[in-house]
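The values are calculated or read from the model by the stated rules, or taken from the named source; none is laboratory data. Quantities reported herein were computed from a predicted structural model and do not represent experimental measurements. Cβ sites come from the backbone with ideal geometry, for glycine too, and all protein chains shown count toward neighbours. Ligands, DNA and RNA are stripped out before the accessible areas are found, and what is left, the full protein with its side chains, is counted by its heavy atoms. Shrake-Rupley method; radii C 1.70, N 1.55, O 1.52, S 1.80 Å.
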Amino acid sequence: MFTRYGYPFAVMVISGLLVRLLNSILTGSLAYPLITIVKACCFFALGLSMFQRKRSNAWVKKLIIAFLFLFFVFWDCGYIVLPQLKQAFDFIGISGFVIYMFYVFCGYTFFD
């Protein structure tokens, strides 16, 4: 019972404490990108902790998920800016909250 619900809950609590600590410590121009990367990793870890079945060894799918994860992390930090893609994302409604949910989805499907 603890492994099914306890690990994701522990990941959420530790992630919240970590992000809060980093918000109070980090200042300057690197604060936002570093906190964004830490948040993305925390969401990915939450998705990993929710997966409870047998883990897959399919490396191609893991590679694709890793590339998508890194793309959205760099997109969220503002390092990748493609005007046509931004316009399409705005039209579809892909913004911060949806990207955060995508981080969790990537973590969950990484071992699927």
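The figures follow:
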{"read-out": "The listed residue being in contact with a helix residue (DSSP H, G or I) (Cβ under 7 Å, 6 or more places away or on another chain), modelled with pLDDT of 90 or more and among the aliphatic types (A, V, I, L, M), out of ALA66, ALA40", "value": "ALA40"}
{"read-out": "Which numbered condition LEU34 fails, given (1) open to solvent by 50 Å² or more (accessible area, probe 1.4 Å); (2) in contact with a Leu (Cβ under 7 Å, 6 or more places away or on another chain); (3) within 28 Å of TYR5 (Cα to Cα)", "value": "(3)"}
{"read-out": "Qualifying residues in region 42-73 (those that are open to solvent by 50 Å² or more (accessible area, probe 1.4 Å) and touching a Gly at 6+ places or on another chain (Cβ under 9 Å)) - the one nearest to PHE89 (Cα to Cα)", "value": "PHE43"}
{"read-out": "Single condition VAL13 does not satisfy, out of (1) modelled with pLDDT under 90; (2) open to solvent by 40 Å² or more (accessible area, probe 1.4 Å)", "value": "(1)"}
{"read-out": "Some residue of region 1-9 being open to solvent by less than 70 Å² (accessible area, probe 1.4 Å) and among the hydroxyl-bearing types (Ser, Thr, Tyr)", "value": "yes"}
{"read-out": "Test result for LYS86, among the basic types (Lys, Arg), in a helix (DSSP H, G or I) and in contact (Cβ under 8 Å) with a residue 24 or more places away in the chain", "value": "no"}
